[in-house]
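**Q** Let me begin by handing over the structure; questions about it come next.
Just so it is clear, none of the values below were taken in a lab; they were calculated from the coordinates. Worth saying up front: this structure is predicted, and the values here are computed from it rather than measured. Please note: Cβ atoms are built from the backbone with ideal geometry, for glycine as well, and neighbour counts cover all protein chains shown.
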Amino acid sequence: MKPFRRRGDHVVAGLSAQESEILGLLLEQLDQLLDEDAVDVPADPVRARLFPAGHATDAEIARDYRDLTESALREGKAGDLALVRATVPADGGDVRLDDDQARAWLRTTNDLRLALGTRLGITAETGPPDPEDGSQQMSVYHWLTAVQGSLVDAFVSGAGRRR
């Protein structure tokens, strides 16, 4: 991956064909999670992480919170996902994002990392994952971390120039 860099009013990065393919697969999996029936959210730790409870100890408050917010949260995540999908070059190449697109990428890569990290058992209590773990999923997790990190750096570097 060629990391994101600020270029005027845009942030630009380069993805290989393989990286575009992996990102496409991850986006498809996230799309499937977002399409799941809302009733299943608490049963799946990944969905519970993507759609957190509004209250940790009171089930009724948590249920009411979910009823009030989950639909809008799903729609926002689905909209971000669609925008990211539309900006990923199918066979690799440059990714050029304006600030709104970069924000959608940040939210979506965060969701992808949350989902994958949950499946891998990564929590705030476990600390950062071991970079020596050579599993494919862990490699993808580290790659997503690098994508997100370079995007944050590029996005923040232009903060003084915006509005």
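**Q** Filter the chain for me: DSSP H helices, axial length by Cα at least 24 angstrom, mean Kyte-Doolittle hydropathy not below -0.5. List them by residue number.
**A** Those that pass (Cα extent of 24 Å or more, hydropathy at least -0.5) are 17-35, 59-87, 136-157.
**Q** For a quick check: sort GLU70, GLU75 by the number of other beta carbons within 10 angstrom, fewest at the front.
**A** GLU75, GLU70
**Q** While we're here: Looking at VAL46, VAL88, GLY8, which one has the Cα that reaches farthest to the positive end of the dipole of the chain (charges on Cβ: Lys, Arg +1; Asp, Glu -1)?
**A** GLY8
**Q** Exposure proxy check: THR109, THR69, THR57, THR145 ranked by fewest other beta carbons within 10 Å?
**A** THR57, THR69, THR145, THR109
**Q** So, with +1 on the Cβ of K and R and -1 on the Cβ of D and E, and no other charges, what is the size of the charge dipole of the chain about its Cα centre, to the nearest 20 debye? It would help to have the intermediate numbers written out before the result.
**A** Details: 19 positive and 28 negative charges, 184 e Å.
So the magnitude is around 880 debye.
**Q** Over the Cα atoms of the stretch 1-81, what is the Rg over Rh ratio if Rh follows Kirkwood?
**A** Expressed as Rg/Rh, it is 1.13.
**Q** What's the Kirkwood radius of the chain in Å, using all Cα pairs? Could you put the intermediate results ahead of the total?
**A** Working: mean 1/r = 0.0590 Å⁻¹.
Every distinct Cα pair counted, the radius reaches 16.9 Å.
**Q** Can you sort TRP105, TRP143 by how many other beta carbons sit within 10 Å, fewest first?
**A** Working: TRP105 24, TRP143 14.
The order, fewest Cβ neighbours first, is TRP143, TRP105.
**Q** Which value in deg cm²/dmol, rounded to the nearest 500, describes the helix-derived mean residue ellipticity at 222 nm for the chain, given -39,500 (n - 2.57) per DSSP H run of n ≥ 4 and division by the residue count?
**A** Calculated mean residue ellipticity at 222 nm is -20500 deg cm²/dmol.
**Q** Pick from ARG66, ARG113, ARG96: which residue has the top mean-square fluctuation in a GNM of the chain where Cα pairs under 10 Å get a spring?
**A** Among ARG66, ARG113, ARG96, the largest mean-square fluctuation in the Gaussian network model of the chain belongs to ARG66.
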